Amino acid sequence: MAELLLRRLEASDGGLDSAELAAELGMEHQAVVGAVKSLQALGEVDSMEDEVQRRLQLVRGGQAEKLGEKERSELRKRKLLAEVTLKTYWVSKGSAFSTSISKQETELSPEMISSGSWRDRPFKPYNFLAHGVLPDSGHLHPLLKVRSQFRQIFLEMGFTEMPTDNFIESSFWNFDALFQPQQHPARDQHDTFFLRDPAEALQLPMDYVQRVKRTHSQGGYGSQGYKYNWKLDEARKNLLRTHTTSASARALYRLAQKKPFTPVKYFSIDRVFRNETLDATHLAEFHQIEGVVADHGLTLGHLMGVLREFFTKLGITQLRFKPAYNPYTEPSMEVFSYHQGLKKWVEVGNSGVFRPEMLLPMGLPENVSVIAWGLSLE
Amino acid sequence: MPTVSVKRDLLFQALGRTYTDEEFDELCFEFGLELDEITSEKEIISKEQGNVKAAGASDVVLYKIDVPANRYDLLCLEGLVRGLQVFKERIKAPVYKRVMPDGKIQKLIITEETAKIRPFAVAAVLRNIKFTKDRYDSFIELQEKLHQNICRKRALVAIGTHDLDTLSGPFTYTAKRPSDIKFKPLNKTKEYTACELMNIYKTDNHLKHYLHIIENKPLYPVIYDSNGVVLSMPPIINGDHSRITVNTRNIFIECTGTDFTKAKIVLDIIVTMFSEYCENQFTVEAAEVVFPNGKSHTFPELAYRKEMVRADLINKKVGISLWFVHSFFRETPENLAKLLTRMYLKSEVIGDGNQIEIEIPPTRADIIHACDIVEDAAIAYGYNNIQMTLPKTYTIANQFPLNKLTELLRHDMAAAGFTEALTFALCSQEDIADKLGVDISATKAVHISNPKTAEFQVARTTLLPGLLKTIAANRKMPLPLKLFEISDIVIKDSNTDVGAKNYRHLCAVYYNKNPGFEIIHGLLDRIMQLLDVPPGEDKGGYVIKASEGPAFFPGRCAEIFARGQSVGKLGVLHPDVITKFELTMPCSSLEINVGPFL
């Protein structure tokens, strides 16, 4: 270091500032000073100006402005100089100036009211920009609030709520009664939660079961049927219901046993289960909303009309209908709505007219049609 | 929904015109299809395996079209084009004919050994067919699509297609011991026995899924020709000897399976789709199948079925006649017949002018009832052209009493300062048993047989675990945490028709630096107040009595009795329960069955 210093000194004319040299070499100032001092000790240094001392004296003398920014930050870093900011206030007389001091009140109190002293006291102004204190309240779950809204819409349209308080269902009511064939992929292990315990349904309405069996395997009621071997064991298998349409089937079956036939409007909103792995867009449990109308002479036009009223109550007015396929409805329609934000048509529901193969074995009269639609709450 | 991938330009070429993507999307919407994705082979590989592997792959634009699951006739380019052309009235639907051969008819003899494993088989011949690379690819692809779809992954039906010129009939379909079957399978260079093949294919990503269909059976199905050449070992693999290539001129098709109806449908679909490329267009050469009982049948069936539907029925079901006012909206029987013909259901008006006779082709196996015909008429008319009307059904709405009560209680619980939670009805066994200090067999819980994760082993028998897990996930929130849920639990019950029953429970928890038993107790008092249940057992009201429970801290648990029965428990939770649910603060809970209060 000392040699470096001497060499630099040789190269320069005049003198060298130790701090500047340190910065140039990228070294610690202390190292340079150390080198200077060691040279001094050797007695070969003529004179040495303590730059730092000079600078500090400048400051003390009130001439701090003479120091450059670099020098100042250098001294600051070495804790030899501390910059202190002095804030001063310019005080002048205001309009309500008085020489006596009075404390401002923050709030009205009962004593002030009864004594009337509020008339003579000054009050601290409110800061209206601050937040208030939120009330300590309980909350309803947002999804369930939406469920309440849907319930309200159905009730306003004259629909009666169906009993759906059974998560466990037999394959018969969940699939077979809906004319969904036993080899249908939805009845796979992958898509449906089957039960280990209780594994099989204990009771089924056997004469109805026979009619369903015949319709699947041989046809009837004007249908060719699926023409396969229908197995009772398969229908007995218990599962977690995959749709609330099974509850609708039970309700329609009960309706069919009542003579004479009376038209009905049913709805339900309840939990259904699908054997999915959970990810950002898939749940294993979710809520299905279902609406059903059973009456004489219902048409596809009626279904579209009901859907239009239903969705209008949700604020969805632009609707389009697309042909679709469900094992238990024919004709079937997917309902699309125009999403202003996404600027495209998105599917908002599925609907259809229940197949005669489903309704007639229940015992419903032949000219009764049942229209239905469903969507998911989530 | 099955997805068919077609080359866009080939599609447009066959349709005789080009479309913009929007125009084609619109056409699909009308017809009941969905243009799911516009991509290319390069893009697909790039997405799945990265850009490096994709370099050199084809840039040709592919349309991925979603097709309804019951339309087997739309699973290939040929079918899509034919369907759309008929829909747009650009061509007349071709009539498919089965013809007898000039020479000897091909025979497939089924022996009785197949009865136990794969009893049914049908067969047909496509004579003088002309393939190009695209047509060949389409032929192979259709078989794969059918296998995945109607054949239920080859379990119900398996298709085998063979170069007839490399074989000589009659063919025998039998079943033999695996060690007795030896042949050179497709894409292999030497012969193997069936046992060896089963082992080899265990690691084949494509074929390993089908091995289970015959693996553990004593006899495996196999088809031979008269020279002992193996055509195939269904449903696993075909023989290499009879493989078809782009140059194949005559094809022998066999479909074997466990569902006779489906085997016939599958055969009909393949031959109708590809007979377009035969020299004698849309004809299929017959083949004879001899069953073990000696009876023989000729295939393919290619049955055209006739159904009669009244025109006014269609009008009524769809709603395209408003008989009370605008009669000019009614579709005449002639128009309806035209609409159906556009849907590949050739129709004409007969009889008194009100009946329509519809001919259902073998490609429309999905038409099994008049309602299917009604749907097709509506599609051709255009769903969005149908007038929307409201049913005149007059009904008074009723709420389901249990739900009505739940709604009222929910609002009052929130008013009492508790926050509603929504938790899963399925949970792990530990959640309802071990973590609460009970044995799983004592819970009478419903067990699921095939959960994808351990989180869904049982249906919950109590709402408490769900709420405790919710608290655990919200530990950082300011205390106290006051949660509630009113929802169903499931208990096994042999008195119901399915063997289990739902009960509507109300559960509330208070989680804070102090357990807050008095707060939970106060909540119970408030609930009883709302339910109009007075305090005092003698007045038919409610009372709480000191009790015990493995989930509760000793001496700080009580059972709730109302209207003469036990409806639930409340208390301070046992520290074991708290730690098992990964919580740290004291907690008290309340759970009651809402049902008795209806």
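The values are calculated or read from the model by the stated rules, or taken from the named source; none is laboratory data. If you're wondering where the values come from, they're calculated on a predicted model, not measured in any experiment. Here the Cβ is made from the backbone with ideal geometry for all residues, glycine too, and neighbour counts use every protein chain on show. The area values use the complete protein model at the heavy-atom level, side chains included, leaving out ligands, DNA and RNA. Shrake-Rupley method; radii C 1.70, N 1.55, O 1.52, S 1.80 Å.
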- Item | Convex hull volume per residue for the range B:374-416, taking Cα atoms only, in Å³ | 174
- Mind putting a number on the dipole of the protein assembly as shown about its Cα centre? Charges go on the C-beta only, +1 for Lys and Arg and -1 for Asp and Glu, and I need it in Debye to the nearest 20. 1520
- Cα gyration tensor of the range A:156-202, axes a ≥ b ≥ c as square roots of the eigenvalues: rounded (a/c below 1.5), prolate (a/b > b/c) or oblate? prolate
- Message: Counting C-alpha atoms alone, how compact is the range A:190-308: give Rg to one decimal and Dmax as a whole number, in angstrom.
- Response: 17.2, 49
- Kirkwood hydrodynamic radius of the range B:154-297 from all distinct Cα pairs, in Å? 16.1
- For A:LYS231, which lysines qualify as cross-link partners when the Cα separation must be under 19 Å and same-chain residues fewer than eight apart are set aside? A:LYS213, B:LYS116, B:LYS262
- Message: If I stretch the segment between B:VAL60 and B:ASN247 completely, what's the gain in nm (0.36 nm per residue apart, minus their alpha carbon distance), one decimal?
- Response: 64.9 nm
- By the gyration tensor of its Cα atoms, with a ≥ b ≥ c the square roots of the eigenvalues, what is the shape of chain A: rounded for a/c under 1.5, prolate for a/b over b/c, or oblate? prolate
- Query: Could you give the alpha-carbon Rg of the protein assembly as shown over 2.2 N^0.38 Å, rounded to two decimals?
  - Reply: 1.34
- Keeping all protein chains in position, work out how much accessible area A:PHE150 exposes to a 1.4 Å probe, and write it in Å² to the nearest 10. 20
- Message: What lysines does B:LYS42 reach when the alpha-carbon gap must be under 23 Å and sequence neighbours fewer than 8 apart in one chain are set aside?
- Response: B:LYS7, B:LYS53, B:LYS64, B:LYS133, B:LYS145
- Item | Relative contact order (%) - criterion: Cα under 8 Å, at least six apart; region: chain A | 13
- Task: Considering the options A:GLY158, A:ILE316, A:PRO110, tell which one lies farthest towards the positive end of the dipole of the protein assembly as shown, charges being +1 on Lys and Arg and -1 on Asp and Glu at the Cβ, about the Cα centre.
- Result: A:GLY158
- Item | DSSP-defined antiparallel bridges as percent of all bridges, the range A:147-268, nearest 5 | 75
- Item | Under 24 Å from B:LYS338, Cα to Cα: lysines that are on another chain or at least 8 residues apart | A:LYS322, B:LYS88, B:LYS92, B:LYS97, B:LYS306, B:LYS316, B:LYS317, B:LYS346
- Task: May I have the extent of the alpha carbons of the range B:315-462 along their three principal axes, as whole Å values ordered from largest to smallest?
- Result: 77, 42, 22
- Note on the structure: Where a ≥ b ≥ c are root eigenvalues of the Cα gyration tensor, a/c under 1.5 meaning rounded, otherwise prolate if a/b exceeds b/c and oblate otherwise, the range B:489-598 counts as oblate
- Query: In whole Å, how far is the Cα centre of the range B:228-299 from that of the range B:122-200?
  - Reply: 9
- Query: Suppose R0 equals 51 Å; then what is the FRET efficiency for B:ASN474 and A:LEU6 from their Cβ-Cβ distance, rounded to the nearest 0.05?
  - Reply: 0.10
- Item | Contour excess over end-to-end distance, with Cα ends at A:TYR89 and A:GLU309 and 0.36 nm allotted per residue | 72.3 nm
- Expected max-MSF residue from A:LEU178, A:LEU75, A:LEU195 in the GNM of chain A (alpha carbon, under 10 Å) is A:LEU75
- Query: How much of A:VAL33 can a 1.4 Å solvent probe reach, expressed as accessible area in Å² and rounded to 10?
  - Reply: 30
- Can you give the relative contact order of the range B:295-436 as a percent, counting alpha carbon pairs under 8 Å and 6+ residues apart? 22
- How large, in percent, is the carbon and sulfur part of the accessible surface of chain B at a probe radius of 1.4 Å? 51
- Hey, any idea what Rg/Rh is for the range B:365-442, computing Rh the Kirkwood way over Cα pairs? 1.29
- Message: Using Stokes-Einstein with the Kirkwood hydrodynamic radius over Cα pairs, what translational diffusion coefficient do you get for chain B at 37 °C and a viscosity of 0.692 mPa s, in µm²/s rounded to a whole number?
- Response: 109
- Residues with beta-carbon under 9 Å from that of A:ARG72, excluding A:ARG72: net charge, scoring Lys, Arg +1 and Asp, Glu -1? -1
- Given Cβ charges of +1 for Lys and Arg and -1 for Asp and Glu, the option among B:LEU405, B:VAL446, B:ALA416 whose Cα lies farthest towards the positive end of the dipole of the range B:381-474 is B:LEU405
- What accessible surface, in Å², does a 1.4 Å probe find on A:ARG196, ignoring ligands, DNA and RNA and rounding to the nearest 10? 140
- Given a Förster radius of 41 Å and the C-beta distance between B:ASP137 and B:HIS447 as r, what FRET efficiency does 1/(1 + (r/R0)^6) yield to the nearest 0.05? 0.30
- With everything on Cα atoms, drop me the angle between helix B:260-274 and the longest principal axis of chain B, reported from 0 to 90° to the nearest 10. 60
- Item | Spacing of the two label points (7 Å from each Cα toward its C-beta) at A:HIS339 and A:TRP118, in nm | 5.4
- Query: With contacts defined as alpha carbon pairs under 8 Å and 6 or more residues apart, what's the relative contact order of chain B in percent?
  - Reply: 11
- Cα centroid separation - the range B:401-447 against the range A:241-319, whole Å: 26
- Run through the DSSP bridge list for chain A and note the antiparallel percent, rounded to the nearest 5. 95
- How much length, in nm to one decimal, is gained on full extension between B:ALA415 and B:LEU186, taken as 0.36 nm per residue of separation minus their Cα-Cα distance? 75.2 nm
